[in-house]
Amino acid sequence: MRVVVVGPCASGKTTLVGNLRALGIDAHNVAQEHSGIRRLWEKKQPDVVIMLDANMPAILKRREVYWGEERLVMQRERLRDARLNAHLYIQTDRLGQQQVLNVAVAYIGGVQCTCQLTPG
């Protein structure tokens, strides 16, 4: 199963992908927020699309950024298609790394379980 993670800068994509890979999950970070290609996330042919999101106060706590709310709005616009097609949306503002991982793994595990139970 291939998992693609999208979201604005500093929403936790790189951390989640690293943690999923450490568990043996084929996970990929797609920098859709930097691309004008509306469906860039599809190039990885994901089985599951996870969208992470964060607001400016949380982003500023996580990382020193040299941009503001206007750029976050632009990134979210570039992510609109990915969000509409996401299987799982996680607002990460108040969650720690482990909590985000737990939510993602619970969802992925449910998808894997459903796939295994579906008659061929």
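The values are calculated or read from the model by the stated rules, or taken from the named source; none is laboratory data. Just so it is clear, the structure is predicted and the values come from calculations on it, not from any experiment. A quick note on method: Cβ atoms are made from the backbone with ideal geometry, for glycine too, and the neighbour counts reach across all protein chains shown. Just the protein is used for accessible areas: all its heavy atoms, side chains included, with ligands, DNA and RNA removed. Shrake-Rupley method; radii C 1.70, N 1.55, O 1.52, S 1.80 Å.
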Candidate set from the range 1-24 (those that are open to solvent by 30 Å² or more (accessible area, probe 1.4 Å) and not small (Gly, Ala, Ser)); member that is nearest to residue 72 (Cα to Cα): 14
Within the range 30-44, of all residues that are surrounded by 18 or more Cβ atoms within 10 Å (Cβ to Cβ) and of a type outside the set (D, E, K, R), the one farthest from residue 94 (Cα to Cα) is 40
Can you find a residue in the range 43-57 that is assigned to a helix (DSSP H, G or I) and under 21 Å from residue 25 (Cβ atoms)? yes
Go through the range 77-86 and give me each residue that's farther than 15 Å from residue 100 by Cβ and surrounded by 11 or more Cβ atoms within 10 Å (Cβ to Cβ). 78, 79, 80, 81, 82, 83, 85
Taking the range 45-76 as the region of interest, how many residues are open to solvent by less than 80 Å² (accessible area, probe 1.4 Å) and modelled with pLDDT of 90 or more? 16
Under 6 Å by Cβ, and 6 or more places apart or on different chains, what pairs join a residue from the range 1-22 that is part of a loop (DSSP other than H, G, I, E, B) with one that is open to solvent by less than 10 Å² (accessible area, probe 1.4 Å) and not hydrophobic (A, V, I, L, M, F, W, C)? 7/53; 8/33; 8/75; 11/53; 11/92; 12/92
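Yes or no: residue 38 among the charged types (D, E, K, R) and part of a loop (DSSP other than H, G, I, E, B)? Lay out the reasoning, then the answer.
Working: among the charged types (D, E, K, R): yes; part of a loop (DSSP other than H, G, I, E, B): yes.
Yes: the conditions hold for residue 38.
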Pair list, Cβ < 7 Å and 6+ apart or interchain, from the range 35-48 residues that are farther than 24 Å from residue 73 by Cα and among the polar types (S, T, N, Q) to residues that are at pLDDT 90 or above and open to solvent by less than 80 Å² (accessible area, probe 1.4 Å): 45/2
Would it be correct to say that residue 99 is open to solvent by 50 Å² or more (accessible area, probe 1.4 Å) and not hydrophobic (A, V, I, L, M, F, W, C)? yes
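For residue 91, state whether it is farther than 21 Å from residue 109 by Cα and not aromatic (Phe, Trp, Tyr). Don't jump to the end; show me each part of the working.
Numbers: farther than 21 Å from residue 109 by Cα: no; not aromatic (Phe, Trp, Tyr): yes.
So residue 91 fails the test.
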